[in-house]
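Report on the structure given below.
Read the figures in this text as sums done on the coordinates, not as results from a lab. Small disclaimer: the values here were computed from a predicted structure and weren't measured. All Cβ positions, even for glycine, are placed from backbone atoms using ideal geometry, and neighbour counts span all protein chains on display.
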Amino acid sequence: MSQGKAIEIDNEVVFKALTSSGPVIVDFYATWCGPCKAIAPKIAQWSEEHTNIRFLKVDVDKMRQIASANGITAMPTFIVFKNGQAVQTIRGANVPELQKAIQSLAA
């Protein structure tokens, strides 16, 4: 399945670099998580449509340090970053909230 222009994170240094500037939405997911699989096509679609926003994907089982450092306790969890600062956390596959966050970042 395509993940669009979303970038799979496999390194903490890359994560810090990519969240340090601009608008970023990070999808913390697990491969075994049903809701994560259900929303993945939407994330891929949005990453193609909103190229001014960086979309990152973090597999919480592979990148436990990043997940722990960001307080991830449930999947999916989305954290919205603006210029290096986490400004919003969305828990669950909440399409309306994610759409609002994208509209806010795109404005």
Given the C-alpha centroids of region 37-76 and region 7-30, what is the distance between them in whole angstrom?
8
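If the chain between Lys62 and Gln99 were fully stretched, how many nm would it gain, using 0.36 nm times the residue separation less the Cα-Cα distance? If you can, show how the numbers build up before the last one.
Numbers: separation 37, 0.36 × 37 = 13.32 nm, distance 2.72 nm.
Between Lys62 and Gln99, full extension yields 10.6 nm more.
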Only helices at least 18 Å long along their own axis, judged from Cα atoms, and with Kyte-Doolittle mean hydropathy of 0.0 or greater: name those in the chain from DSSP H.
none
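With the cut-off at 20 Å, report for region 17-107 the share of all Cα pairs above it, as a whole percent. Walk me through the numbers before you get to the answer.
Working: 1106 of 4095 pairs.
Everything past 20 Å amounts to 27 percent.
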Roughly how many debye, to the nearest 20, is the charge dipole of the chain about its Cα centre, given +1 on each Lys and Arg Cβ, -1 on each Asp and Glu Cβ, and no other charges?
160
What does the helix-only formula give at 222 nm for the chain: each DSSP H stretch with n ≥ 4 adding -39500 (n - 2.57), the total divided by the residues, and the result rounded to the nearest 500 deg cm²/dmol?
-11500 deg cm²/dmol
Sequence gap at least 6, Cα distance under 8 Å: using those rules, report the relative contact order of region 7-106 to the nearest whole percent.
37
Using +1 at the Cβ of each Lys and Arg and -1 at the Cβ of each Asp and Glu in the chain, identify which of Ile39, Leu18, Val80 lies farthest towards the dipole's positive end.
Val80
